[in-house]
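The structure under discussion appears below in the form of structure tokens.
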Amino acid sequence: MVIEEIEVKEDKTVKELIDELKLSSPVLLEVNGEVFYPDENYGKILKRGDIVVLIPIIDGG
Amino acid sequence: MDRYSRQILLERIGEAGQEKLAKSSVLLVGCGALGTVIANNLIRAGIGYMKVVDRDYVELDNLQRQMLFDEEDVEKGMPKAVAAVDKLHKINSSVKIEAEVKDVNQKNIEELIKDVDIVLDATDNFEIRLLINDACFKHNIPWIYGAAISSYGMTMNIIPKMTACFRCIISSLPAPGSVDTCDTVGVLNAITSLIASLESNEAIKILLGDRDLNRELLVIDLRDNSFDKIPVKKRGDCPLCRDGKFEYLDKKGPSKAIKLCGREMIQITPQREMEIPLEHLKGKLERVGDASYLGFLLKFRVDKYELIIFPDGRAFVKGVSDTETARSLYAKYIGT
């Protein structure tokens, strides 16, 4: 469980990226300094070479 | 005031701030790794009143990180809220502290948060946090989210109508069993202590009316000692912030059976309020298995299963991974 950075290899939507990653936790995304909720921006296009930061939201305590 | 002299020296607190703290009231939901540290900090800091609510009891593998408990609590099978409050009374007898051994749910949360100035989250699942979020939004009470797993933790102040709410961050519940937990990937005591300390510090600031609050999601990873402040904004389609829908608060009845934290343990919650005479139940159960009454709870072993039964009718069923078997054991030995 860590903040991860991934580089987008080809243009795709946020939804496509999330489906591809099969994440176990809910996440916030940061792209080019902008933080957003993935499901509110499923149609957003991520460009090849974009660095996407995945910030897992956790529930342990 | 001598007891608090070192913090009164801080300009932001002073004697006036200390008096303000002494008049403040806090609800602490959950008394595990985060909750014991939060309670310890706030009781020592001299808040006026704290209610500690927890549904669980102390086990040996809690002692690595749950700072108010010891081996005697494990041997006695003490409920966490009771064991914590016993210790906290010894630490600061001038603070009024109450223990509630119960599952926080839709039926009781509004009563629990009534008259408190702030709610501190020290729970271990998303569903209860979404419930706290609804209740606090409805009653305009600030709360502080905190969570930790592995070496990773996060906290955020959630102030109704001012900040994003928890429903903004988590739009829907992840599928059961899909999320890593402390029981599946572990947790360092340093990260739970750190997140809990940040939560208690922010709580003191909120109680004092300090404007210099954390308004972002603070994310810490002790693997590389990274501290990140993530700006989070209100979700445009948030059912709570935008539409005022209390979907978790308005759910009908508590969950009947839920799996706990990746453990081979299911909690069964009765759908109606009840009080079980545990000593009487012990008399019945010892005819078919090994039953011991520990004052606050009843432990019952039969075949490969163990049932931990509380006076309010809740039971943890250990040694099962499916809710149907747990329900069946509950019905068989406790009733419906």
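Every read-out reported here was derived from the displayed coordinates using simple, explicitly stated rules and does not represent laboratory data. Quick caveat, the model's predicted, so the values are computed rather than measured. Cβ placement follows ideal geometry from the backbone for every residue including glycine, while neighbour counts extend to all protein chains displayed.
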Taking segment B:150-192 and the residues there that are more than 9 Å from chain A (Cβ to nearest Cβ) and among the charged types (D, E, K, R), the one that is farthest from the chain's Cα centre (by Cα) would be B:Lys161
Hey, can you tell me all the residues within segment A:1-56 that are within 11 Å of chain B (Cβ to nearest Cβ), outside any strand (DSSP E or B) and in contact with a helix residue (DSSP H, G or I) (Cβ under 6 Å, 6 or more places away or on another chain)? A:Pro38, A:Asn41
Can you name every one of the helices (runs of 4 or more DSSP H) wholly within segment B:159-210 that holds 2 or more residues which are surrounded by fewer than 20 Cβ atoms within 10 Å (Cβ to Cβ) and not polar (S, T, N, Q)? B:182-185, B:189-208
Answer with yes or no whether B:Pro277 is out of contact with any strand residue (DSSP E or B) (no Cβ under 6 Å at 6 or more places or on another chain), surrounded by 12 or more Cβ atoms within 10 Å (Cβ to Cβ) and within 18 Å of B:Val101 (Cβ to Cβ). no
Looking only at strands (runs of 3 or more DSSP E) that fall completely inside segment B:215-260, which ones have 2 or more residues that are farther than 21 Å from B:Ser197 by Cα? B:257-259
Looking only at segment B:101-149, filter to residues that are within 12 Å of chain A (Cβ to nearest Cβ) and of a type in the set (S, T, N, Q); which one of those is nearest to B:Val185 (Cα to Cα)? B:Asn125
Output the residues belonging to segment A:5-38 that are touching a residue at least 12 places away in the same chain (Cβ under 8 Å), of a type in the set (Asp, Glu) and more than 21 Å from B:Lys229 (Cβ to Cβ). A:Glu7, A:Glu10, A:Asp11
